[in-house]
Amino acid sequence: MPTVNDKLKETTVSTEHIFTGKVISLQVDTVQLPDGTQGKREIVKHPGAVAVLAIHKGRLLLVDQYRQAMGRCELEIPAGKLEQGEDPLEAARRELEEETGYRCGQLTLLHSFYTSPGFADEIIHLYWAEDLAAGEASPDEDEFLEVIEATFEETQQYIAEGRISDAKTILAAYIWQQRQAVHNGSQGA
């Protein structure tokens, strides 16, 4: 667990619950600031999510999906919300298969990161999928998407064009790039 700099710590005085929905809830915390005054913090509570970096025959598995908040389609790596009490590893396995149809023999946790710590507690657990086997996708009934398999160069082009603009997918692309560089460097030695 990371250490806390006590000089900067804020202490919660009270919490007002504003909204509870299917995916998120919103609360406003009154906090005591380091200088003794009080402030307000609007916080989006989220159960957490998983995302999967899966490479099949040299191509990154992406899903093209309409995102209402963005008002357009977005290419993203397979991902989804954690269910109450769900193990992130199993959720990653589930999301990969539901969204792409691919099953994997092995999942390795790459990193867990917060998406917007200034106002949200959402954490995403990013996994690397190996030993992929094709199958049939079975997205949620309100989920409409297309599976895209992109080369590294195509992925970089999609980022440059803004077709990929979400943080988890950009992070996955850079991890893929880093792994390729390490792999290519070890072959040249």
Rolling a 1.4 angstrom probe over the protein heavy atoms, how many square angstrom per residue are accessible across the range 53-170? 53 Å²
17 Å reach of a label modelled at GLU149, 7 Å along Cα-to-Cβ, counting backbone N of the range 155-184: 155
Suppose R0 equals 35 Å; then what is the FRET efficiency for GLN65 and THR30 from their Cβ-Cβ distance, rounded to the nearest 0.05? 0.40
Might you report the magnitude of the Cβ-based charge dipole of the chain about its Cα centre, with Lys and Arg at +1 and Asp and Glu at -1, to the nearest 20 debye? 620 debye
Take the Cα of HIS56, step 7 Å along the line toward its Cβ, and report every residue of the range 135-161 whose backbone nitrogen sits under 20 Å from that point. 135-141, 143-156, 158
May I ask what percent, to the nearest 5, of DSSP beta bridges between residues of the chain are antiparallel? 85 percent
Determine, for each peptide in 153-161, 71-79, 110-118, the mean count of other beta carbons within 10 angstrom over its residues, then list the peptides with the highest first. 71-79, 153-161, 110-118
Judged on accessible area alone, 1.4 Å probe, highest first, TRP128, TRP176 line up as TRP128, TRP176
Among VAL23, ILE148, PHE113, which residue has its Cα positioned farthest towards the positive end of the charge dipole of the chain, with +1 placed on the Cβ of Lys and Arg, -1 on the Cβ of Asp and Glu, and the dipole taken about the Cα centre? PHE113
How large a share of the accessible area of the chain, in percent, is made up of carbon and sulfur atoms when the probe is 1.4 Å and the other protein chains stay in place? 51 percent
Which value, in Å² rounded to 10, gives the accessible area of GLU122 with a 1.4 Å probe and all protein chains present? 40 Å²
Over 21 Å between Cα atoms, which of LYS40/LYS81; LYS57/LYS81; LYS7/LYS40; LYS22/LYS45; LYS22/LYS81 qualify? LYS40/LYS81; LYS57/LYS81
Sort LYS22, LYS40, LYS9 by heavy-atom solvent-accessible area, probe 1.4 angstrom, most to least. LYS22, LYS40, LYS9
Which distance in nm do the two modelled labels at THR3 and GLN106 give, with both placed 7 Å along the Cα-to-Cβ direction? 3.5 nm
Nearest-ten-degree value, helix 167-188 long axis tilted from longest Cα axis of the chain: 50 degrees
Short to long, in 5 Å steps from zero, the percent of alpha-carbon pairs of the range 1-47 per bin is 5, 20, 22, 19, 18, 11, 5, 0
Can you give the accessible area of ASP6 in Å² (nearest 10), computed on protein heavy atoms with a 1.4 Å probe? 120 Å²
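The values are calculated or read from the model by the stated rules, or taken from the named source; none is laboratory data. Keep in mind the model is a prediction, meaning the values are calculated, not measured. Cβ atoms come from the backbone with ideal geometry, glycine included; neighbour counts cover every protein chain shown. Side chains included, ligands, DNA and RNA excluded: accessible areas come from the protein's heavy atoms. Shrake-Rupley method; radii C 1.70, N 1.55, O 1.52, S 1.80 Å.
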